[in-house]
Structure formats: structure tokens, C-alpha cells
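Here is the structure we will look at.
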Amino acid sequence: MTEQVTYAQAGVDIEEGARAVDAIKGAVHSTYRPEVVGDIGGFGGLFSLAAAKQMADPLLVSGTDGVGTKLKVAQMLGKHDTVGIDLVAMCANDILATGAEPLFFLDYVAVGKLDSGAMAEIVGGIAEGCRQAGCALIGGEMAEHPGVMDPDDYDLSGFCVGLVDRPAMLDPEAVREGDVLIALPSTGLHSNGYSLARKVCVEGKTAEELRVPVEALEGASVLEALLTPTRIYVKPVLSLLKEVPGAVRALAHITGGGITENLNRALNPAVDAVVDLVAWPVPPVVRYACDKAGLSEAEALKTFNMGIGCVLIVAPEKAGAVKAALQQAGEAFYEVGRVAAGEGTVRYENEGALL
């Protein structure tokens with residue numbers, strides 16, 4: 001007779017999974033919008049699109065992303081309540097580049113060994129990100145992968161769906177020579193360049209060493225600085241689009257590849273973005289990582305965001321109104337350049353002045 005081997009003996013704890021679901025219910029419910037239909041636990045998340053009937057040509061916009069190796073820093077510190085914000089930010093900021101309002105979000109959490117307490121922290125961070133983005137967390141998956149992942153290891157993926165009316169969509173084809181580049185600052189490295197940042201800032205050091213305050217980081221520790229969550233730009237940008245309609249022609253979310261390889265995605269082939277490298281300050285953690293890596297300015301500009309998380313391409317006649325609206329809302333911003341005739345690339349002025 002074959003000896004019975006249970007699912008738990010194979011490494012999957014169904015009871016801990018049930019406890020994890022109970023632990024996250026409150027966080028999930030805190031993100032719900034009126035359009036959410038039903039509750040967690042079904043086979044699919046339901047969301048009403050009745051509001052789209054008021055649009056001339058409603059478009060659904062989707063985006064997916066992860067957090068990357070920033071998770072390794074969180075795992076080293078044992079701090080899991082902020083990386084979920086990064087997860088939502090990377091997806092919601094991307095679909096914002098079309099002018100879309102994020103409606104709902106789904107997550108996928110893969111773990112080596114399920115721990116309901118740690119899962120509550122992770123999903124709590126995702127819920128906080130959803131609240132910041134104004135979208136509902138309507139579904140997800142917790143997958144336990146014994147034998148494939150180390151017990152303390154986990155990975156995150158996110159999926160966001162938004163809505164925009166085609167006549168109001170932000171479009172690189174609308175960008176014209178003379179447009180103004182207005183940047184919104186980042187909160188640090190966000191979630192990009194961490195394979196390099198970890199190599200030069202974390203490798204070979206103990207957790208205790210990484211918790212020591214660093215003068216170059218304005219008194220923060222390396223781990224604190226590296227775990228600062230990605231800023232979510234949804235609410236201030238959507239508010240701006242309503243307050244100054246027609247002002248923003250296109251938007252670039254500055255992620256992996258830095259300014260050099262993201263701002264060009266908001267351009268058409270007839271124009272270039274000309275960025276002035278003396279127009280904004282570099283955050284301490286970004287400068288620290290660049291210094292530790294010995295990066296050239298050109299290499300840094302295509303690795304990290306260099307202190308800019310989002311660039312608005314604005315019609316020149318409405319730039320003053322945009323700045324006034326941002327200032328009234330208490331939003332920091334920098335005018336960092338202009339659009340010139342070109343070939344769809346990013347060019348820099350005052351090279352050598354940023355680093």
C-alpha cells in the first residue's frame with residue numbers, strides 16, 4: 001500500500017493560506033470603490049463600467065509590472081509593508097501616461113513558505129498603494145512554491161486596468177516644437193536600478209551595518225533610503241488634467257532606463273526633448289548610488305530616474321496655468337526643458353553639471 005503524503009507534507013499549508021486570506025480582508029475592503037461588485041473569494045473580480053456610457057469613445061488601458069530586486073532589500077530588512085506601494089505605482093503610473101484613471105488592480109504573490117503575518121504586511125502595502133492611486137484591489141493570488149523558492153523568498157506582480165475617453169487621451173503624436181517639459185520629483189530610486197544599487201550599496205555588508213545613519217543620506221540609513229516607496233502620481237496629475245484641460249499633451253513615467261530611455265517614449269518622430277541638467281536637484285540616495293557605482297553622467301541618466309519620476313509635456317501657452325495649478329495644490333515641480341525639432345530622441349544641455 002502506498003504511504004499517504006499530504007499537501008502539507010509536500011510544503012503547502014492550506015490552513016495558513018486561509019489565515020492569510022482572513023488577515024488581508026480589511027486591507028482589501030479599504031480600497032473598494034462604488035463600482036466594485038461582490039467580495040474577495042470568488043473566481044473573478046467584478047467591476048461596473050456603467051460610467052463609461054458617458055464617454056464619447058471609452059478606452060480600457062492595462063498595465064503590468066513587478067517590483068524587481070528591490071524585494072531583496074525588503075527581505076534583508078524584514079520590512080514588507082512598503083514594497084506593495086511600489087508594485088501599484090509601477091503599474092498605475094504607467095497607465096497614467098495615457099491620461100487614464102486607474103480603476104482596479106490585481107496582484108500575484110509567490111512565496112516559498114506562506115506566513116500569514118508577512119502576507120498581511122505585503123498586501124497591506126498593496127492596499128495602501130491602491131488607496132493612493134484611487135483604484136480598487138479586486139482580486140489576486142497567493143501561491144506557495146516549496147522547493148522552487150527559498151522559504152523566506154517572495155516575488156510580486158501587479159496588473160492594473162484604467163479608463164480614458166479617447167478625445168482626452170494623452171498622445172505623443174500631439175507633441176509639438178516649443179512645448180514645455182515640466183517634471184514632478186521622485187522620492188528616490190523608486191523601483192529601478194536595484195540590481196546595480198544592491199551590488200554597490202548592499203553587497204558585502206551586514207543588516208546592522210546597513211541600518212547605521214549615513215551623513216550623505218541626510219541621516220537616513222542605506223536600507224531606509226533604498227526602501228523609500230515609489231511615488232504615485234495619479235491623483236495630482238488627474239486633478240491637473242481636469243483643472244487645466246488640454247494643457248498636457250503627453251506624459252512620460254521615468255522608470256527603468258532613466259530619463260534617456262523613457263522620455264523619448266512620449267515623443268513623436270518629428271521632435272526631440274531638450275533637457276537642461278541644471279534645472280533640478282538630485283536626491284541624496286540617487287547621488288549616493290551613482291557615487292558608489294562610479295557612474296558617468298550619461299550612464300546614470302539611463303540607469304536611474306535622477307530625481308524625476310514623471311515628465312509632463314505641456315503646450316507653451318498653458319504652461320503658466322499648469323505651474324499655477326501645481327503650486328496651488330502644493331505640488332513640487334521643475335521646468336526642465338523644451339521640445340525642439342528632431343527625431344524622437346532625448347538631448348541634454350549643460351552636460352556634466354548634474355553629477
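Worth a mention:
- The simple spin-label model puts a point 7 Å past each Cα toward its Cβ; for D150 and F47 those points are separated by 3.5 nm.
- Each of E224, E128, E297, E351 has its accessible area taken with a 1.4 Å probe; listed largest first, they run E351, E224, E128, E297.
- Long-range tail of P(r) for the chain (Cα pairs > 37 Å, %): 23
- Principal axis extents of the Cα atoms in the stretch 220-355, from largest to smallest and rounded to whole angstrom, are 43, 33, 21.
- Accessible-area value, K292, 1.4 Å probe, nucleic acids and ligands omitted, Å²: 110
- Between F104 and A136, V161, the built amide H atoms are under 5 Å apart, and every one of these is 5 or more places off in sequence or on another chain.
- With each label modelled as a point 7 angstrom along the Cα→C-beta vector, the A174-E261 pair spans 2.9 nm.
- Using the alpha-carbon positions of the stretch 61-126, Rg (one decimal) and Dmax (whole number) come out as 12.8, 39 Å.
- Bridging of K25 to lysines at a Cα separation below 30 Å is possible for K70, K72, K79, K113, K235, once same-chain residues fewer than 8 apart are set aside.
- Between A293, A74, A50, the Gaussian network model of the chain with springs among Cα atoms under 10 angstrom shows the greatest mean-square fluctuation at A50.
- Estimated at 0.36 nm per residue, the fully extended path between D291 and E349 surpasses their Cα-Cα distance by 18.7 nm.
- Semi-axes of the equivalent ellipsoid for the stretch 19-74, Cα gyration tensor, largest first, Å: 28, 20, 10
- Estimated FRET transfer efficiency (H29, A110; beta-carbon r; R0 30 Å; 0.05): 0.80
- Here D291 sits with roughly 110 square angstrom of accessible surface, probe radius 1.4 Å.
- Residues in the stretch 132-139 carry Karplus couplings, in order, of 5, 8, x, 10, 9, 8, 10, x Hz; the curve used is 6.51 cos²θ - 1.76 cosθ + 1.60 with θ = phi - 60°, and Gly or Pro positions show x.
- Ratio of the Cα radius of gyration of the stretch 259-331 to 2.2 N^0.38 Å, where N counts its residues: 1.30
- Using the Cβ-Cβ distance between D39 and E317 with R0 set to 51 Å, the FRET efficiency works out to roughly 0.55.
The values are calculated or read from the model by the stated rules, or taken from the named source; none is laboratory data. Because the structure is a prediction, the values reported are computed rather than measured. All Cβ positions, even for glycine, are placed from backbone atoms using ideal geometry, and neighbour counts span all protein chains on display. Side chains are part of the model used for accessible areas, which takes the heavy atoms of the whole protein and leaves out ligands, DNA and RNA. Shrake-Rupley method; radii C 1.70, N 1.55, O 1.52, S 1.80 Å.
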